[in-house]
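A.B. asks: Have a look at the structure that comes next, please.
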Amino acid sequence: MKTRYSILSALSLAAFAATAFVGGCSSDDAASTLPTTVKDAGTTKDATAATDSGSTTADAGTTPVVDSGTTPTVDAGSCSNVSTLHPPSPDAGTATIYCPFSSVGDAGNQRCQSGTQHCCETPSGSGSPSSCESAATPCAIPRSVDWGCQDPVADCKDGAKPVCCAAGATIGLGAPGCGNFARSMTGTACVAASACTGIVMCTDDSECPAGKTCIPFSKAGAQVGGCN
């Protein structure tokens, strides 16, 4: 009887231990499954949000800086067509002031009479052609370039005013392969030798003060020269 009781007790203990073991395993699986699920969901959501918002911010932050930083630095005047010097033609007589965009029909551009006329080169979009006007008549259209002279020898024959001057203007030097251009130039006029405070106009080195040379530049529709 004692032996039988011992066997039954041993079997009961074994069954209890097995039940506890199975319960312990089930508890461990559930515990490990829950963190895994939370971790995966949290990682996926966080990673996606961080990647998407980060990319969007980087794109929005990069594009405007490149565009706004580059466009305003471009100088249209620094790469005009390369120009050349145009001394007056020997057979031009007194018609030595070239008047750009003054052509009407097939007549070609006019050349104004030095001393008695000046060229009023009208601005682009004005709807009016340039024209030779009497020296006493101012240019009628605002922002016209007033060409009173282009070459000092041919156009400034008054001994008291031998210099062809673009008052207040300066020559801008173009980049390699580009032409030179004028800044703040509104016209030219014959003045006294000591009175020019801008570009001294020329078509040849011999017309420039000592130490300077005549270089070509463009202004509106004219290719002219200035001492530099």
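The values are calculated or read from the model by the stated rules, or taken from the named source; none is laboratory data. Every value quoted in this text rests on a predicted model; they were computed, and no experiment measured them. Neighbour counts run over all protein chains shown; Cβ positions are idealised from the backbone, glycine included.
A.B. asks: Considering only segment 100-117, I want to know if a residue exists there that is assigned by TED's automatic domain parsing to the domain that holds C202, within 29 Å of the chain's Cα centre (by Cα) and not in a strand (DSSP E or B).
C.D. replies: yes
A.B. asks: Filter segment 114-129 down to residues that are touching a Pro at 6+ places or on another chain (Cβ under 7 Å) and free of Cβ contacts under 8 Å to residues at least 40 places away in the same chain, then give me how many there are.
C.D. replies: So the answer is 1.
A.B. asks: What number goes with the only condition from (1) closer than 18 Å to T203 by Cβ; (2) under 33 Å from the mean Cα position of the chain (by Cα); (3) buried (at least 20 other Cβ atoms within 10 Å of the Cβ) that A154 does not pass?
C.D. replies: So A154 meets the others, but not (2).
A.B. asks: Here is a follow-up. Among what's in segment 177-201 and is at negative phi, in a loop (DSSP other than H, G, I, E, B) and of a type outside the set (A, V, I, L, M), pick the residue that is surrounded by the fewest Cβ atoms within 10 Å (Cβ to Cβ).
C.D. replies: Checked segment 177-201; the qualifying residue surrounded by the fewest Cβ atoms within 10 Å (Cβ to Cβ) is S194.
A.B. asks: For T137, only one of the following conditions fails: (1) surrounded by fewer than 16 Cβ atoms within 10 Å (Cβ to Cβ); (2) farther than 26 Å from A92 by Cα. What is its number?
C.D. replies: Unmet condition: (2).
A.B. asks: Being part of a loop (DSSP other than H, G, I, E, B) and either under 23 Å from T122 (Cα atoms) or not assigned by TED's automatic domain parsing to the domain that holds G115 (or both) is the filter here; which residues of segment 157-176 pass it?
C.D. replies: At the first step, the residues of segment 157-176 found to be part of a loop (DSSP other than H, G, I, E, B) are 157-162, 167-169, 173-176.
Those that are part of a loop (DSSP other than H, G, I, E, B) and either under 23 Å from T122 (Cα atoms) or not assigned by TED's automatic domain parsing to the domain that holds G115 (or both): A167, G168, A169.
A.B. asks: Take segment 118-156 and flag every residue that is of a type in the set (V, I, T) and in a loop (DSSP other than H, G, I, E, B). Step through it out loud before you land on a result.
C.D. replies: Step one: filter segment 118-156 for residues of a type in the set (V, I, T), giving 122, 137, 141, 145, 153.
Within segment 118-156, T122, T137, I141 qualify.
A.B. asks: Right, next: Give the number of residues within segment 96-113 that are touching an Asp or Glu at 6+ places or on another chain (Cβ under 7 Å) and in contact (Cβ under 8 Å) with a residue 60 or more places away in the chain.
C.D. replies: Adding up the residues that qualify gives 2.
A.B. asks: Is it the case, given these coordinates, that A195 is touching a Phe, Trp or Tyr at 6+ places or on another chain (Cβ under 9 Å), assigned by TED's automatic domain parsing to the domain that holds D158 and small (G, A, S)?
C.D. replies: The answer is no for A195.
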